[in-house]
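Student: Below is one structure. I have some questions about it.
The values are calculated or read from the model by the stated rules, or taken from the named source; none is laboratory data. The model shown is predicted, which means the values in this text are computed figures rather than measured ones. Here Cβ is always computed from backbone atoms with ideal geometry, including for glycine, and neighbour counts include all displayed protein chains. To get the accessible areas, we keep the full protein, side chains included, count just its heavy atoms, and leave off ligands, DNA and RNA. Shrake-Rupley method; radii C 1.70, N 1.55, O 1.52, S 1.80 Å.
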Amino acid sequence: MRIVVIGAGIVGLASAHFLRAEGVRDIVVVDAASGPGQGTSYANGALLHPSAVEPWNSPGILGYLIRHLGREDAAVLLRARALPSLVFWGLRFLRESSPARFRANAMANTALAMDSMQCLRDMGADAWDFNHTRKGSLTVLRDARALDESANWAATLSQAGVRHRVLDRAGLLAVEPALAPIAGELAGAIHNLDDETGDCHRFCVALAASLASAGVQLRWNTRVERIDADRGRVRGVHLAGGVRIDADEVVLAAGPHSVALAAAVGLRLPIRPAKGYSLTYTLDSDAPGPSHPVIDRALHVALTPLGEGGTRRLRVAGTAEFCGHDLRIAQGRVNHLAGLATRLYPEVLRRPAVEAPRVWAGLRPVCADGRPLIGATRIGGLWLNTGHGHLGWTVGPGSGRLLALQMKQQLPSEVNAEAFSPARFGL
Ligand SMILES: Cc1cc2nc3c(=O)[nH]c(=O)nc-3n(C[C@H](O)[C@H](O)[C@H](O)COP(=O)(O)OP(=O)(O)OC[C@H]3O[C@@H](n4cnc5c(N)ncnc54)[C@H](O)[C@@H]3O)c2cc1C
């Protein structure tokens with residue numbers, strides 16, 4: 001039996017890994033790019049964070065969007081040209097923002113994320129070089145009320161096994177002394193003890209190498225033009241130049257590009273791209289710098305240290321812009337993000353040795369209810385693993401295992417597969 005996986009980002013590669021682990025011998029992974037992890041998985045925020053996998057459609061999101069419409073500094077920016085494509089998706093997105101729906105969606109994602117952390121260990125990732133750390137992350141809060149609210153939410157997540165401790169200002173500075181210059185602005189933090197960090201692109205490179213040595217075929221510069229489906233059953237994929245790969249089963253894991261490939265076989269995926277930016281600074285190796293990832297809820301920005309010594313970097317990620325598949329860099333958004341980073345670490349980032357950051361933009365594939373689509377479709381042999389939005393690095397390994405178990409007709413024990421089933425959208 002041959003399985004073709006479309007997409008070698010974190011999700012497609014993890015799917016291939018767990019299919020191989022389940023004993024599938026003939027797996028072909030195809031990707032349009034020249035190597036692994038070059039799409040949205042390339043320079044993301046580097047956070048593996050079960051503490052923060054709640055969907056974006058939180059209660060109150062509609063008010064936020066209306067208040068910030070057209071503002072260039074909005075954390076979530078809607079561009080007018082993207083609005084027509086967002087109407088139906090947006091209605092579903094808003095429908096999921098009631099407190100009960102939001103909570104149910106968040107808890108489903110959290111269970112998947114916790115399982116995903118276990119998957120990292122099971123994959124043998126401890127032996128791979130991807131700047132992995134297990135120090136937890138710090139969600140910093142700027143006033144007592146916000147700290148209380150975050151502590152309450154963290155207590156809710158602890159029901160799913162996510163561990164945390166609440167830090168006052170002194171406790172926060174003891175964990176992260178690099179925040180001392182702005183201590184007066186901070187009330188405290190939640191120390192999310194189960195969060196980890198790692199460079200997703202490096203992880204994908206290591207995972208692809210491991211797959212190749214396990215006999216999985218990896219084909220680069222190989223764009224799938226369309227999925228071949230006939231009489232309700234998948235037959236293979238068509239590549240550019242009239243070439244075809246026959247397959248018994250196909251896994252669609254093409255991130256934000258899954259929508260067009262699925263549409264051609266009659267499946268309308270409720271996924272829209274949300275552009276985000278990251279800035280990667282190379283830090284001055286002689287001076288003290290941040291040691292923990294920091295998420296600032298008020299500023300909507302995450303700052304993650306990566307690596308050590310001469311290769312020490314700081315990855316700054318944030319912002320969401322609904323502008324279709326346009327990946328052009330908007331300098332205003334970059335300047336805004338750089339300004340937020342400097343507010344957190346004014347002394348670290350203004351040192352003369354710190355040069356202009358490397359700028360990157362990626363498209364998060366956002367599913368309308370904030371839960372990825374993982375499982376079978378109504379087309380026989382066509383499986384989805386896509387729509388991971390802002391969570392794909394955190395839940396990607398777990399999504400790979402969840403899909404592989406379903407394809408091998410096994411019931412996953414840790415995760416409720418139904419919560420992620422494409423059938424909830426009639427797919
Ligand atoms: C700014 C930013 C910060 C983020 N920070 C975090 C974070 O800190 N933690 C976290 O958990 N998540 C984060 N995310 C989200 C995470 O990066 C994504 O959810 C994840 O990378 C999605 O992985 P994927 O494999 O589905 O998609 P991708 O990585 O995009 O992979 C899809 C692959 O499919 C290939 N492809 C597409 N079309 C075709 C075709 N027709 N034929 C063949 N190949 C094709 C592409 O080349 C690509 O390699 C962030 C995202 C952004 C943008």
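Student: Condition first: open to solvent by 30 Å² or more (accessible area, probe 1.4 Å), of a type in the set (A, V, I, L, M, F, W, C) and more than 25 Å from PHE93 (Cα to Cα). Now tell me which residues in the stretch 298-329 satisfy that.
Tutor: Within the stretch 298-329, ILE329 is the sole residue that qualifies.
So that you can scan it fast, the table gives a plain yes or no per residue for (1) touching a helix residue (DSSP H, G or I) at 6+ places or on another chain (Cβ under 8 Å); (2) away from the ligand (no atom under 13 Å from the Cβ):
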position	(1), (2)
ALA8	yes, no
LEU19	yes, yes
HIS68	no, yes
GLU72	yes, yes
ARG79	no, yes
LEU94	yes, yes
SER97	yes, yes
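Student: Could you tell me which of the residues GLY136, GLY124 is crowded, with 21+ Cβ neighbours inside 10 Å and either within 28 Å of GLY307 (Cβ to Cβ) or modelled with pLDDT of 95 or more (or both)?
Tutor: Details: GLY124 fails: crowded, with 21+ Cβ neighbours inside 10 Å.
Just a single option satisfies the conditions, and that option is GLY136.
Student: Here's something else I'd like to know. Considering only strands (runs of 3 or more DSSP E) fully contained in the stretch 313-427, which possess at least 2 residues that are more than 14 Å from the ligand (Cβ to nearest atom)?
Tutor: Details: elements: 313-322, 358-367, 373-376, 382-386.
Passing ranges, in order: 373-376.
Student: Sticking with this structure for a sec: Please work out if LEU13 is on the phi < 0 side of the Ramachandran plot, touching a helix residue (DSSP H, G or I) at 6+ places or on another chain (Cβ under 9 Å), touching a residue at least 60 places away in the same chain (Cβ under 8 Å) and near the ligand (Cβ under 9 Å from one of its atoms). I'd like the intermediate steps shown before the answer.
Tutor: Numbers: on the phi < 0 side of the Ramachandran plot: yes; touching a helix residue (DSSP H, G or I) at 6+ places or on another chain (Cβ under 9 Å): yes; touching a residue at least 60 places away in the same chain (Cβ under 8 Å): yes; near the ligand (Cβ under 9 Å from one of its atoms): yes.
Answer is yes for this residue.
Student: Filter the stretch 367-380 down to the residues that are in contact (Cβ under 8 Å) with a residue 60 or more places away in the chain and open to solvent by 10 Å² or more (accessible area, probe 1.4 Å) and list them by number.
Tutor: Once the filter is applied, which keeps residues that are in contact (Cβ under 8 Å) with a residue 60 or more places away in the chain and open to solvent by 10 Å² or more (accessible area, probe 1.4 Å), the stretch 367-380 yields GLY370, ARG371, THR377, ARG378, ILE379, GLY380.
Student: Go through the stretch 220-234 and give me each residue that's near the ligand (Cβ under 9 Å from one of its atoms), within 23 Å of HIS17 (Cα to Cα) and assigned to a strand (DSSP E or B). I'd like the intermediate steps shown before the answer.
Tutor: If we filter the stretch 220-234 for residues that are near the ligand (Cβ under 9 Å from one of its atoms), which is where we start, we get 222-226.
Cutting the leftovers down to within 23 Å of HIS17 (Cα to Cα) gives us 222-224.
Listed by number, the list holds a single entry, VAL224.
Student: Does LEU112 satisfy being modelled with pLDDT of 95 or more, touching a strand residue (DSSP E or B) at 6+ places or on another chain (Cβ under 9 Å) and within 13 Å of ALA14 (Cβ to Cβ)? Give the derivation first.
Tutor: Details: modelled with pLDDT of 95 or more: yes; touching a strand residue (DSSP E or B) at 6+ places or on another chain (Cβ under 9 Å): yes; within 13 Å of ALA14 (Cβ to Cβ): yes.
Against the criterion (modelled with pLDDT of 95 or more, touching a strand residue (DSSP E or B) at 6+ places or on another chain (Cβ under 9 Å) and within 13 Å of ALA14 (Cβ to Cβ)), LEU112 qualifies.
Student: Of the residues that make up the stretch 279-288, is at least one within 15 Å of VAL30 (Cβ to Cβ), in contact with an Asp or Glu (Cβ under 8 Å, 6 or more places away or on another chain) and modelled with pLDDT under 95? Please lay out each step first, then the result.
Tutor: Of all residues in the stretch 279-288, those within 15 Å of VAL30 (Cβ to Cβ) come to none.
No, that holds for no residue.
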